[in-house]
Amino acid sequence: MTIGILGGGQLGYMLALAGYPLGLHFRFFDPSPEAPVGRIAARVTAEYSDESALEKFGNGLELVTYEFENVPVASVRYLAERVPVFPPPAALEAAQDRSREKQLFRDLGIATTEFAAVPTAEALDIAVQQIGLPAILKTCRMGYDGKGQWLLRTAEDVARVKLEMQAGGSTGSQAANGQGEVPFILERFVSFARELSVLAVRGRTGETAVYPLVENHHRGGILRLSLAPAPRLDAAIQREAEDAARRVFEALGYVGVLAIEFFETDGRLLANEMAPRVHNSGHWTIEGAVTSQFENHLRAVMGLPLGSTNALGSSAMLNLIGDVPESAEVLSIRDAHLHFYGKSPRAGRKLGHVTLRAGSSEQLASRLAELPGFFHRPEFCLEAVLARPVSSRV
Ligand code: AMP
């Protein structure tokens, strides 16, 4: 049985690694000849808009799923006329546009950050009046890992960004998309206590399972460190996250793994965004949960029973971005697991990750402190965790 996957990055790579023990085969579609999955699976290298390549890709596949959320929806719909596609294209459509995504959260009664649409440079002032400062201006489309975002603290920041938009600079060029879509949203800046994410999975029969919430630390808009389960996890907050995931599942007739990222503020959750796919904040599940997010995604889309989402002790996942440590140094730490994605190093690129597992949160705290000097650079965000009182570190 062969599963087709749109996107051939590390998420696809880890999906295939989880699927081989289940007897599955994979065929990938990615425009880049350097896509990491080239090392381990068959692939079609073509633009997503190339219908004859999509046709060839879809031939004989059991089903298609995706690991990249900016695949054009039209290409996914084209495939969906020929072969089953999970999660449903409607999920992709909602997740690709921040204003639609936020509107979906609102419609489903899921608390989200306050926001206003900014269709033109002129509309920025009205949005700022409505939302207040500080605020974050975000492109509705193609923004990821903190790209396409401008923090506006003062009236001067607003005036500068507005001028850029009017001049069609880095911000404004995207305003004129000619499709009548809202190109930006302005969001209230949330002074959150922490960032959390939930990974949930729904099978073809409607069966659902949810992983414990994860605490995430970002630098420069990119995920650096995840702690799972999130320390000091309140049962009510976990329920709130599960409830949000179930609402999205029901509304979209969802099948597969779904990630929702939240800000925790005053003991409440505000949904920031969702990803209709396996997610970086779920990498810890490979060694840290009974069933990994990758295996559960495959089980879900194949219509197989879901596996347990229980955590095995406490885990920390650290992203290797731009450069990598010495393998031996990492692997000399007990229960440290190293993953390389087979990509050539480049600044800002996710090259791999390390998962540290421990039987208890105390043990995990001491393993984190033992990490070699490489991981004590500020971007790994370890200092914030290690500075906490020992009892609540991880
Ligand atoms: P996003 O692309 O929306 O996930 O944003 C990337 C990161 O920027 C988030 O993980 C937060 O750390 C930060 N961020 C995004 N939106 C807000 C907001 N409204 N208030 C405060 N920080 C934010």
Q) Which loop GluC sites (Glu not before Pro) in region 289-370, with loop taken from DSSP, have no more than 16 other Cβ atoms within 10 angstrom of their Cβ? A) 326
(Q) So for the chain, averaging the separation of alpha carbon pairs under 8 Å that are six or more residues apart and normalising by length, what relative contact order in percent results? (A) 14
Q | Point-to-point label distance, residue 239-residue 55, nm (Cα→Cβ direction, 7 Å offset) | A | 5.4
Q: Provide, as a two-decimal number, the C-alpha radius of gyration of the chain over 2.2 N^0.38 Å, N being how many residues it has.
A: 0.98
Q | For the chain, calculated [θ]222 nm from helices alone, where every DSSP H run of n ≥ 4 adds -39500 (n - 2.57) | A | -8500 deg cm²/dmol
Q: Give the relative contact order (percent, whole number) for region 224-296; include only Cα pairs under 8 Å separated by 6+ residues.
A: 24
Q) Dividing the alpha-carbon radius of gyration of region 248-394 by 2.2 N^0.38 Å (N being the number of residues), what value is obtained? A) 1.14
Q) What residue among 70, 59, 310 has the largest mean-square fluctuation in a Gaussian network model of the chain, using Cα springs under 10 Å? A) 59
Q) So what J values fall out for region 278-287 if you push phi through Karplus, 6.51 cos²θ - 1.76 cosθ + 1.60 with θ = phi - 60°, rounded to Hz, Gly and Pro as x? A) 4, 9, 3, 6, x, 5, 4, 5, 4, 9
Q: Considering only 198, 210, 73, give the residue with the highest GNM mean-square fluctuation for the chain, with springs between Cα atoms whenever their separation is below 10 Å.
A: 73
Q | Label point distance in nm, residue 34-residue 334, each placed 7 Å from Cα along Cα→Cβ | A | 4.0
**Q.** Contact order normalised by residue count of region 55-107, Cα under 8 Å, 6+ apart, percent
**A.** 35
Q: Tally up the carbon and sulfur contribution to the accessible surface of region 43-92 as a whole percent, 1.4 Å probe, everything protein left in place.
A: 46
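What full-extension length gain, to one decimal in nm, is calculated for residue 290 and residue 147 as 0.36 nm per residue of separation minus the Cα-Cα distance?
48.1 nm
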Q) Stretched out fully, how many nm does the piece from residue 251 to residue 77 gain, at 0.36 nm a residue minus the Cα gap? A) 60.8 nm
Q. Under a 5 Å amide H to amide H cut-off, with H placed in plane at 1.01 Å, what residues pair with residue 289 once short-range neighbours are removed?
A. 312
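On average, how much area does the Cα convex hull of region 34-139 cover when viewed from any direction, in nm²?
9.7
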Q: Work out, step by step, the length gained on full extension between residue 190 and residue 133: first 0.36 nm times the residue separation, then minus their alpha carbon distance; give nm to one decimal.
A: 19.5 nm
Q. For residue 232 and residue 155, FRET efficiency with R0 = 41 Å and r from the beta-carbon atoms, rounded to 0.05?
A. 0.60
Q.
Give me the one-decimal nm value for the distance between modelled label points at residue 62 and residue 45, 7 Å along each residue's Cα-to-Cβ direction.
A. 2.8
Q.
Given a 10 angstrom Cα cut-off, can you work out which residue in 215, 250, 264 is the most mobile in a GNM of the chain?
A. 250
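The values are calculated or read from the model by the stated rules, or taken from the named source; none is laboratory data. Everything quoted here is computed from the prediction, not taken from an experiment. Don't worry about glycine lacking a Cβ; one is built from the backbone with ideal geometry, like all the others, and counts go over all protein chains shown. The accessibility values were calculated without ligands, DNA or RNA, using every heavy atom of the protein model including side chains. Shrake-Rupley method; radii C 1.70, N 1.55, O 1.52, S 1.80 Å.
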